[in-house]
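Sharing a structure, written as structure tokens. Questions coming.
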Amino acid sequence: MIEPLILAIDTSCDETSAAVTCGRRVLSNVISSQVSLHKKYGGVFPALAKRAHQERIDLVVIEAIKRAYIALHQDCSLPNSKNSKSEARNPKQNMRNFKSQNTKYLENLNFGRLNLANRQASLFRTFEFRISDLPLQAVAVTQGPGLAIALEVGIKKAKDLVRCIDAKMQRSKENSDISETMHLCVSESPKLIAVDHMEGHIYSTLAQNKNGLPKREILFPALCLLVSGGHTALVLMKDHGVYQILGSTLDDACGEALDKAAKILKLGYPGGPVIERLAEQAGSKKSKYSLSPPLKDKSNLNFSYSGLKTQFLYLVESLSEKKFGQNLKNLAAAFQEASFEQLIRKTSKAIEIYQPKTLLCGGGVIANKYLRKLLRSLAKKNNIPVFFPPKKNLITDNAAMIGIAAYHKFLRKEFITDLKTLDREPRLSL
Ligand code: KG4
Ligand code: ZN
């Protein structure tokens, strides 16, 4: 079977993202971050996030389609449209042709100055133009968990796109325009696929470049450690799409705790990367501060971070301004150490109980090099392979991971048959 081309969208929090995937291969993964907008609030401001998603989604989708088109035309091994073989022989010339034909058109699309009606019309003209060269078989979108008003933006766009492609197909069928229908390369209307954001983070570990690398395969059962700004969980994956939650956070998520700790230290948002940088500078010797690990005596696989955060707040408040300034790096290192100790302890326990054959680690906090090092040595000790997302832009929120999760749902024919029935699920759970 030729792997389907899927256009995926994620607007679950503060990144507006669209991607095109072909099976597990990522052809494009466009991410527009809103970090600079939310920075002054010290966290995500939902109404602002919604507006920014609305303003950016069209451009992000068009850019994802454009980049995927270029990737496809550089590689004839992927399902392709017209002229693929001759063009693939000369990708540079092909790219030049593509640019000269289309850049003028894209440059004319100044979304800032156009009114909304024109803007929609322009989007669809551009979209139809691109879609003729991109035989999409499905549009996938994050249904939840996430911010309700942010999720809505992506879901609405995904439905609009399915309707738009569908209308184009119907039109070409009615006009018996065989060349047009062949050009679309698909005989059926595109499917709509709803994806759980956390399932996306799991599948981010299986992402491949457009040449199909890396060629890793999951051995089941797999243990998934998900550590993001909204979630901290251990999930047993018995097969594709078959999950059992083994433990999750009882209060704050690990990423959320790192963000709050950074706020206590009067550092910027998001906190994870700043804490990582400071902790690195503190050096490898043990931090002079230590925090007592949460849930130390509990044998279950749940997590807790709010006690750690309160402990940290009291510690910081007990320091003079001078001491605080002198020990910023040590404080960051102490909080990071205690946060990750809990992740490693619980993951180790889950490995002991469930004897998984693969360890999959996803979510924004996995961007932390020190955490990946700890997880690598845990996996080595237990003699199991560990997979992380293979590229940085696949770790924090992105749409490519949604496309890869959707591909596995496509294989199981898990489609939304009536578009009206798809609604956002801010508290969706695996
Ligand atoms: O997965 P993600 O992008 O969004 C959610 O689904 O929540 O995760 C965002 C979280 C934030 O809390 C951020 O501070 C954390 O990931 N993060 C990091 C690093 N980069 C991002 N935490 C630790 N170290 C990092 N390098
Ligand atoms: Zn996420």
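The values are calculated or read from the model by the stated rules, or taken from the named source; none is laboratory data. Computed from a prediction, not measured in an experiment: that's the story for all the values here. In this analysis, Cβ positions are derived from the backbone assuming ideal geometry, glycine residues included, and neighbour counts consider all displayed protein chains.
State yes or no: is residue 205 within 16 Å of ligand 2 (Cβ to nearest atom) and under 26 Å from residue 308 (Cα atoms)?
Considered against the rule, which asks whether it is within 16 Å of ligand 2 (Cβ to nearest atom) and under 26 Å from residue 308 (Cα atoms), residue 205 comes out as no.
Got a sec? Which helices (runs of 4 or more DSSP H) wholly within the stretch 250-345 have at least 3 residues that are in contact with a helix residue (DSSP H, G or I) (Cβ under 8 Å, 6 or more places away or on another chain), hydrophobic (A, V, I, L, M, F, W, C) and modelled with pLDDT of 95 or more?
Here the list reads 254-264, 271-282, 306-317.
If you take the residues in the stretch 125-155 that are modelled with pLDDT of 95 or more and more than 25 Å from residue 231 (Cα to Cα), which one is farthest from the chain's Cα centre (by Cα)?
138
Yes or no, residue by residue, for (1) under 26 Å from residue 207 (Cβ atoms); (2) more than 16 Å from ligand 1 (Cβ to nearest atom); (3) surrounded by fewer than 23 Cβ atoms within 10 Å (Cβ to Cβ):
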residue: 332; (1), (2), (3): no, no, no
residue: 340; (1), (2), (3): yes, no, yes
residue: 363; (1), (2), (3): yes, no, no
residue: 392; (1), (2), (3): yes, no, yes
residue: 404; (1), (2), (3): yes, no, no
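Among the residues of the stretch 349-361, write down those that are in a helix (DSSP H, G or I) and either surrounded by 14 or more Cβ atoms within 10 Å (Cβ to Cβ) or basic (Lys, Arg) (or both).
349, 350, 351, 354
Ok, one more. So which residues in the stretch 253-263 are buried (at least 19 other Cβ atoms within 10 Å of the Cβ) and away from ligand 2 (no atom under 15 Å from the Cβ)?
Correct list: 257, 260, 261, 262.
Let me ask something additional. What number of residues within the stretch 282-299 are of a type in the set (S, T, N, Q) and in contact with a Leu (Cβ under 9 Å, 6 or more places away or on another chain)?
Of the residues in that region, 2 qualify.
OK, next. Within 14 Å of ligand 2 (Cβ to nearest atom), surrounded by 14 or more Cβ atoms within 10 Å (Cβ to Cβ) and closer than 20 Å to residue 258 by Cβ: is that true of residue 367 in this structure?
yes
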